[in-house]
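The values are calculated or read from the model by the stated rules, or taken from the named source; none is laboratory data. What you see is a predicted model, and the numbers here were worked out from it, not measured in a lab. Quick reminder, even Gly has a Cβ in these numbers, built from the backbone with ideal geometry, and neighbours come from all protein chains shown.
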Amino acid sequence: MSISIRSLSKAFDGHPVLNDVTLEIPEGELVALLGPSGCGKTTLLRIIAGLETPDAGDVLHGGEDVSARSARERNVGLVFQHYALFRHMTVEENVAFALRVRRRSRTEVSARVGELLRLVQLDGHRTRYPHQLSGGQRQRVALARALATEPRILLLDEPFGALDARVRQELRRWLRRLHDELHVTSVFVTHDQEEAFEVSDRVVLMNAGRIEQVGSPAEVFEEPASPFVMRFLGAVNVFQGRVDGDRAYVNDLEFAAPGAAGRAPAHVYVRPHELEVHRAAAPGSFAARVERLVPLGAAVRVELSAPTYGRGAVEAELDLRKSEALGLAPGDRVWLSPRRVRVFTPTPEELDSLTASEL
Amino acid sequence: MSAASRGRRGVLPGFGLSTGFTVLYLCLVVLVPLSTLALRSSALSWADAWRVVASPRALAAYRLSFGASLAAASANVVFGVLVAWVLARYRFPGRALVDAVVDLPFALPTAVSGIALTAVYARTGWIGRFLEPLGVRAAFTPLGVTIALTFIGLPFVIRTVQPVLEDLDPELEEAAAVLGAGRWQTFRRVLLPAIVPAALTGFALAFARALGEYGSVVFISGNMPLRTEIAPLLIMTRLEQFDYAGAAAIAVVLLGASFAMLVAVNRLEAWTRARTGHA
Amino acid sequence: MSRLSRATEALALDGPTEPLLAPAKREPARPTPGATAGGARPGGRPRRPDEDPPAVRWTLVGLALLFLAAFVVLPAAAVLVEALRGGIALWWKALADADALSAVKLTLVVAAVSVPLNALFGLAAAWSITRFRYRGKHVLLSLIDLPFGVSPVISGMITVLLFGAQGWLGPWLVAHGYKVVFAVPGIVVATVFVTFPFVARELIPFMQAQGSEEEEAALVLGASGWQILTRVTLPNVKWSLLYGLILCNARAMGEFGAVSVVSGHIRGVTNTIPLHVEILYNEYAFQAAFAVASLLFLVAIATLGAKQALEWRQRFALRAAARRDVS
C-alpha cells in the first residue's frame, strides 16, 4: 500500500518539529528516513502510524485519507526502537496478540504464530519471556508481532539502534532480504547513514523538520542537493571562494559551477577520497603540508594543512596501495588536486556559521 | 472533540473516562469538603474568630504544637541522616531488619503507637523509670509530646535521604580523594550538599505530619489545657462542644501555618538545589 | 506455497544465529562504599577513598541503633509484651469480647468499602496523569497529596461539617432519614478522604517510569481501550497496585483521629478497632487495650512484610534483567 504525506506540520509545546513535509512512497518500496537527532523523523513515522496527530496536513494510505483514523484502525505494523514487547507475555503470546484482540479462532492464531516464528527463526523459543532473550531475538519477536495481521505498511523506528554492532549488521541484511521476499511497503527511521544505504531503496534526508533530499543511496551521495546532505553523508572539505557566472574560484583554482549565476560568495565542497595527492605540482592543484597519517585499515587518512586554502585542516583519503606508493611522512610538502567538487552558494546564516566553525 | 485535539493529548483511549472520574472524585472528596471548612469559619465575625483563635488556651496549644513539631522534626533530621547514612553505606549483621524497622512508625496505626509510647516513657515505663531519678519526666509533659512526634516523623527523613545516599556515584568520592581531600572534607564539601535538599524535604514532611498528629500524642501528653494540649486536640474539644465555627477557625489557622511552612521549605529547597546543582 | 513460507525458506540458511543467551558480561563487583564492617584492613593496603575508619563506622552504627531502639523497637516490643501480659488466654479473652468483635467487624467493613473505591480512583488518576498530556496535571497531583498535609482531626471535622445535622447536607440527610455522622457511613466517608491517595501515589510514579510504549504497541496492534487495560497495563502494574492496596488497607484499618471525630463512640456500634483501644485504655483496662492493639500491630507487620517482598522482587528482577541483557 502506498503512503502519501502532504504538507504535514507538527509542533510540540510551541517547538516546531515538522515543517510542511510532503513525501510519496509507492507500494512495495523500502524507504529510510535518515537524519540527525531531533530532525523529526521519528515524529513523522509516528504520525504515519497514528500515534501522533499532525497540526496540519494529511496522511494517505493507499490513496485513502487516514488522518482521522486512530492508530488502532490503520492496520500498520510498527516495530519500536526498544521493542515494546509485552514483558509478562511469552514470545508466543506476544506474536499472537494482534490476532487475539481481533478474536480470531484458536486454530487460525496458532497456525499463523507458528508461521511467523519459523520466519524469524525463533520457533524453539515460543514459551520464553522477553527478558530471557537477547536484544536481537527480542527485535525479531517484535517484527513477527508486527507482521501478524499481514499489514500492508511496515514501520520501524530505529529498529537496530539498541543492538550490538555485529548483531545490527546481521539483522540489517536479514531485514533487506525479508523485504525482498514480502514486498511490504516499509519505512524505517535511522541516524546511521551506512544502515540507510545498505537496506533501503530510497533515502529521505531530513533536517530540522524538513526534507532535504529524496533519492536512491547513489543519487544522494553523488549529487547532494544541499550542504547539509553532503556533510551528513560523510566527511567533506569546505573551501571558501566565490562564483562568477557559472565558474567557481577558490584563490587561483577554477571549477565548473553549473547552475550558479551572478557573483556571490560560495563554498566548494570536496570529499576526502576525491582529493588527489601528488608529489609534484600539477595543473589545478594547490600546495599543502602533511601533518599526520591515520591508518584506517583499508585506507589511510591524510591530515594536511594548507593555510591559504582554509584555516582548518584538509583531509584526504587514499587507499592503502596509493599511500604506500607515495610514501608520505609528516612534514612532507605535497600538492592536492580536487578531482570532483560541488559548489554551494550559502545563505547568509550558513555563511556565518560555517566561517565560525571550520574553515 | 476533534481528532486533532484528541491527538494532541495522546492517542491512548480512555482520556475522558479516566480524567473525568478523577476530577469528579477529587471534587467530591477534597474540594467540596475543604470549601465547607472555609465557609464554616467565615460564619464567625472577625471579632469572635479572633477571640477563639487567639485565646490563651489556643495560643498555648499553637506554641506546643509548633514548638514540639519543630523540635521533633529537627531531631529527626539529625538522627535521620545518621540512620540513612548507616543504612546506605555500611554492612552489618541485621541491616535488613533495621531497614524494615524504620518503616514501622509509618505502618503502625496512631492509636497503637500512642499507647505503646506511653507504656515505654511513662513514669513506670520501660525507659521512663530510668529517666525519673534523673528528674526527667516524659509523660504528661511537652517532652513526651516531642518524643511521640519524633517517633511518627522518623521514617520521613530517613526515606528521603537514604535513596540519595544510595544513588551517589562512588566516583565522586574517588575524585575528591585523588584531588587530595580527607574524609571529613569530602563529607562536608561533596556529600553534604547532596544530602541537604533531601534532608530539607524530609524535615518538611516530618514537620507537616507532626503538626497535625493526634493519635500518637494524646495518650502520652495528658491533654492538660494550657500545658500539654496540642492544637488538634483543641479542635476536637471544640467539636465535642458543638462549637463548629470555632473549631473551623482554629483548623484554618493550623492549615494556613503548615501550608506556609511547606511553601517556605520548598523555596529553601529549590534555592539550595540551584546553588549546589544537585537534582 | 505461501509468500511467508517462501520467505522463510529463503531466509532460513543464512539467518541470524546468535546464541540464546550470550555469556553474561561480568564486571568485577564494586565493593560497597564503607565496605564490610570488618575492622582491620587486610595486608595494610591503603583505605579505599569511600571507606570510613572502623572507629567512626562502629560509633555511627551504634548511635543509629540506639536511636532506633529507643524510639521504635522498644515501643513495638511494648505492644506485644503488654498484650501478652497475663498469658495467651487473657489475650484471647480480650479479643473474643463482644464489643471487640463488633469493632473488628466494623473495621473490616470500612476497609472493604474504602479500599476498592480508592483503588478505582488510583487507577483512573494514574491512567489520566501518566498516559496523556494536558495542562493542570500538577494541580491534580497537589490535590491528591492534600490529605497528607491535613491533620486527621481536621479531615474528620470536615466530614462533620458537610454531613452533620448542622452541616451543608445535614438537613437534607435528616429529612430523608439518613444518618451519616455519628454512624457507620460517616466513618466510611472520613476513611475514604484520609486514604484515597495511597493507591494513586504508588501507581503514578511507577507508571510514569514504565512509559506508555507497551500500550502504544497494543493500540497499533488493534486492541481496544479495555483490552489494553486488562491485557497490558494491569499485568504490568500488579505489584505496585497490590502494594498500594496493602498500604491503603493498613491506613483504613488504623485511622484514628478522623474516625474519632465522626464516630460518636457508641460502644459496639460505631467503634473501630483503634477507637476501641482508646476506650479500653481510658478505662485503665491496659492489658485488654494492648491485646486489641496487637491485632493492628500484626496488620502493620504484614504491611512491612509485603513491602520487603515487593522490594526484593524488584531488585531480583532488575538484577536478572541486567545479567541477561545483551543488547
Where a residue in the stretch C:172-195 is closer than 17 Å to C:Ile154 by Cα and its partner, wherever it lies, is not in a helix (DSSP H, G or I), with Cβ under 6 Å and at least six apart: C:Val181/C:Gly164; C:Phe182/C:Gly264; C:Gly186/C:Val180; C:Thr191/C:Glu255; C:Val194/C:Glu255
First in the stretch A:324-337 and more than 16 Å from A:Val300 (Cα to Cα) and in contact (Cβ under 8 Å) with a residue 60 or more places away in the chain, second anywhere and surrounded by fewer than 17 Cβ atoms within 10 Å (Cβ to Cβ) and among the small types (Gly, Ala, Ser), Cβ under 7 Å, 6 or more apart: A:Ser337/A:Ala282; A:Ser337/A:Gly284
Top-ranked residue of the stretch B:57-110 - restricted to ones that are out of contact with any helix residue (DSSP H, G or I) (no Cβ under 9 Å at 6 or more places or on another chain) and outside any helix (DSSP H, G or I), ranked as farthest from B:Gly256 (Cα to Cα): B:Pro93
Residue that is nearest to A:Val21 (Cα to Cα), among those in the stretch A:202-240 that are of a type in the set (Phe, Trp, Tyr) and in contact with a strand residue (DSSP E or B) (Cβ under 6 Å, 6 or more places away or on another chain): A:Phe228
All positions within the stretch B:15-56 that are crowded, with 19+ Cβ neighbours inside 10 Å and part of a loop (DSSP other than H, G, I, E, B): B:Leu44
Test: residue in the stretch B:197-214 that is over 27 Å from B:Ile158 (Cα atoms) and β-branched (Val, Ile, Thr): no
Hits in the stretch B:211-248 - residues which are closer than 17 Å to B:Ala60 by Cα, of a type in the set (Gly, Ala, Ser) and within 7 Å of chain C (Cβ to nearest Cβ): B:Gly212, B:Ala247
Given (1) within 11 Å of another protein chain (Cβ to nearest Cβ); (2) closer than 21 Å to C:Leu63 by Cβ; (3) touching a residue at least 60 places away in the same chain (Cβ under 8 Å), number of the condition B:Ser113 does not satisfy: (2)
Criterion violated by B:Pro56 - all others in (1) over 24 Å from B:Leu226 (Cα atoms); (2) over 24 Å from the mean Cα position of the chain (by Cα) satisfied: (1)
Output for the stretch B:213-237, where each listed residue is in contact (Cβ under 8 Å) with a residue 40 or more places away in the chain, not in a loop (DSSP other than H, G, I, E, B) and not small (Gly, Ala, Ser): B:Val217, B:Val218, B:Phe219, B:Ile220, B:Pro232, B:Leu233, B:Leu234
Single condition A:Leu119 does not satisfy, out of (1) closer than 20 Å to A:His191 by Cβ; (2) crowded, with 21+ Cβ neighbours inside 10 Å; (3) at the interface with another protein chain (Cβ under 7 Å from one of its Cβ atoms): (1)
Residue match in the stretch B:153-164 (condition: modelled with pLDDT of 80 or more, within 30 Å of B:Met224 (Cα to Cα) and within 9 Å of chain C (Cβ to nearest Cβ)): yes
Exclusive hit being of a type in the set (A, V, I, L, M, F, W, C), closer than 30 Å to A:Arg138 by Cα and in a strand (DSSP E or B), set A:Leu99, A:Leu33: A:Leu33
Index of the failed condition, C:Glu27 passing every other in (1) surrounded by 11 or more Cβ atoms within 10 Å (Cβ to Cβ); (2) at pLDDT below 85; (3) of a type in the set (Asp, Glu): (1)
Unmet requirement for C:Leu298, which otherwise passes all of (1) modelled with pLDDT of 90 or more; (2) surrounded by 22 or more Cβ atoms within 10 Å (Cβ to Cβ): (2)
Total residues in the stretch A:258-280, condition part of a loop (DSSP other than H, G, I, E, B), among the small types (Gly, Ala, Ser) and surrounded by 12 or more Cβ atoms within 10 Å (Cβ to Cβ): 1
Hits in the stretch C:228-242 (condition: buried (at least 21 other Cβ atoms within 10 Å of the Cβ) and within 12 Å of chain B (Cβ to nearest Cβ)): C:Ile228, C:Val232, C:Thr233
Candidate set from the stretch A:1-37 (those that are in contact with a strand residue (DSSP E or B) (Cβ under 8 Å, 6 or more places away or on another chain) and small (Gly, Ala, Ser)); member that is surrounded by the fewest Cβ atoms within 10 Å (Cβ to Cβ): A:Ser7
First in the stretch C:203-224 and facing another protein chain (nearest Cβ under 7 Å), second anywhere and of a type in the set (Ser, Thr, Tyr) and assigned to a helix (DSSP H, G or I), Cβ under 7 Å, 6 or more apart: C:Glu215/C:Thr233
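Okay, residues lined up against (1) assigned to a loop (DSSP other than H, G, I, E, B); (2) touching a Ser or Thr at 6+ places or on another chain (Cβ under 6 Å):
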{"position": "C:Val153", "(1), (2)": "no, no"}
{"position": "C:Tyr178", "(1), (2)": "yes, no"}
{"position": "C:Thr191", "(1), (2)": "no, yes"}
{"position": "C:Gln208", "(1), (2)": "no, yes"}
{"position": "C:Glu214", "(1), (2)": "no, no"}
One residue from A:Ser305, A:Ser353 being surrounded by 15 or more Cβ atoms within 10 Å (Cβ to Cβ), at pLDDT below 90 and of a type in the set (S, T, N, Q): A:Ser305
Every residue from the stretch A:331-341 that is within 35 Å of the chain's Cα centre (by Cα) and either hydroxyl-bearing (Ser, Thr, Tyr) or in a loop (DSSP other than H, G, I, E, B) (or both): A:Ser337, A:Arg339, A:Arg340, A:Val341
B:Arg188 being more than 11 Å from every other protein chain (Cβ to nearest Cβ), under 26 Å from B:Gly222 (Cβ atoms) and basic (Lys, Arg): no
Which numbered condition B:Val136 misses (of (1) free of Cβ contacts under 8 Å to residues at least 12 places away in the same chain; (2) under 18 Å from C:Ala78 (Cβ atoms)): (2)
Output for the stretch C:261-305, where each listed residue is under 29 Å from B:Leu234 (Cβ atoms), within 11 Å of chain B (Cβ to nearest Cβ) and without any contact (Cβ under 8 Å) to a residue 12 or more places away in the chain: C:Tyr281, C:Asn282
Set A:Val91, A:Val66: member being of a type in the set (A, V, I, L, M, F, W, C) and farther than 26 Å from C:Gln210 by Cα: A:Val66
